[in-house]
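Every number here is computed from the coordinates shown, using simple stated rules; none is lab data. Model, not experiment: these values are computed from the prediction. Here the Cβ positions follow ideal geometry from the backbone for every residue, glycine too, while neighbour counts run over all protein chains shown.
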């Protein structure tokens, strides 16, 4: 269902140009031709506050214009972050808001039921238990096939499982530079939940690649991008990387990681050579409910 790798394309909706639009459509088409079925988006991925849903519409356009055959797609989107007049960003996990957000996403994605809807960020102004109850109600209301959560701690994920039941996925940051959420990955392994690491190549990009990643990439005649994705996949069979792409070449590079062989010694060298993990983002800390 999730496959070995999926793709997002958030950057296509921030500072988007016509060239980026066209190249992103081409990138999504190439991924579909190569058998990729998981595509991740969110309602807030947009050039401005009054173009909410831009990224979802882009995905819908790519799917509708694809001329080949493909396996059933797992379209994943997210909601719960708000953008208001003048770029006033916030969080809202009230049931009425979430229900309207889900309905709007389904309409933009041209689906009767969203294959995977993810709670994007917690609402610091609403009790955590109330938020979980609202997510459970969303699922019961029939517009969502599978529910996922994003930016939850291990403790919060365990409670979400108790309240909601079947959680399909967790989308948290995990990459060579940030490794704070390995305890969340452990909960995913325990319960058969798919872990979707956002920003999976941080610490392995051209402008920030760590020395050990560069060394292994040179030895393997591979890109640092591919090495990072292969390293991530080695952490758990429950982990499915979702690198961001806006070009066909990036799709090809990411898919090359599926054929890259990193042996146990390579992985040991990477794990021992990585720089100390970066701290949790202050914005994520501020999202924590007060009770």
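Each 5 Å bin from zero up to the one holding the largest Cα-Cα distance in the stretch 165-215 carries the following percent of pairs: 5, 21, 24, 17, 14, 11, 6, 2, 1.
How large is log10 I(q)/I(0) at q = 0.12, 0.23 Å⁻¹ when the Debye formula is applied to the Cα atoms of the stretch 104-176, each weighted equally and without solvent? Normalising to I(0) and taking log10 leaves -0.33, -1.08. Model label sites at residue 183 and residue 261, defined 7 Å from Cα along the beta-carbon direction, differ in position by 3.8 nm.
Evaluated at q = 0.11, 0.14 Å⁻¹, the base-10 log of the normalised Debye intensity for the chain, with identical point scatterers placed on the Cα atoms, takes the values -0.64, -1.05.
Dividing the Cα radius of gyration of the stretch 157-269 by its Kirkwood radius returns 1.00 for Rg/Rh. Over the stretch 94-241, what is the relative contact order in whole percent, taking alpha-carbon pairs under 8 Å and six or more residues apart? Relative contact order here is 17 percent.
If the segment from residue 61 to residue 112 were pulled out straight at 0.36 nm per residue, it would be longer than the present Cα-Cα gap by 16.7 nm. Taken over the alpha carbons of the stretch 1-79 as equal point scatterers, the Debye sum produces base-10 log I(q)/I(0) values at 0.15, 0.16 Å⁻¹ of -0.48, -0.54.
Distance from the C-alpha centroid of the stretch 67-137 to that of the stretch 175-208: 22 Å, rounded to the whole angstrom.
Note on residue 22 and residue 280: their simple-model spin labels are 4.5 nm apart, each label 7 Å out from Cα toward Cβ. Full extension of the chain between residue 247 and residue 207 gives 12.6 nm of extra length, using 0.36 nm per residue less the Cα-Cα distance. Per-residue extension of 0.36 nm, minus the Cα-Cα distance of residue 51 and residue 130, leaves a gain of 25.5 nm for this segment. From most to least packed by mean Cβ count within 10 Å, the peptides 197-209, 100-112 give 197-209, 100-112. Note: relative contact order over the stretch 35-150, using C-alpha pairs below 8 Å and six or more positions apart, is 25 percent.
The relative contact order of the chain, computed from alpha carbon pairs under 8 Å that lie at least 6 residues apart in sequence, is 19 percent. The antiparallel fraction among DSSP beta bridges confined to the stretch 1-145 stands at about 30%.
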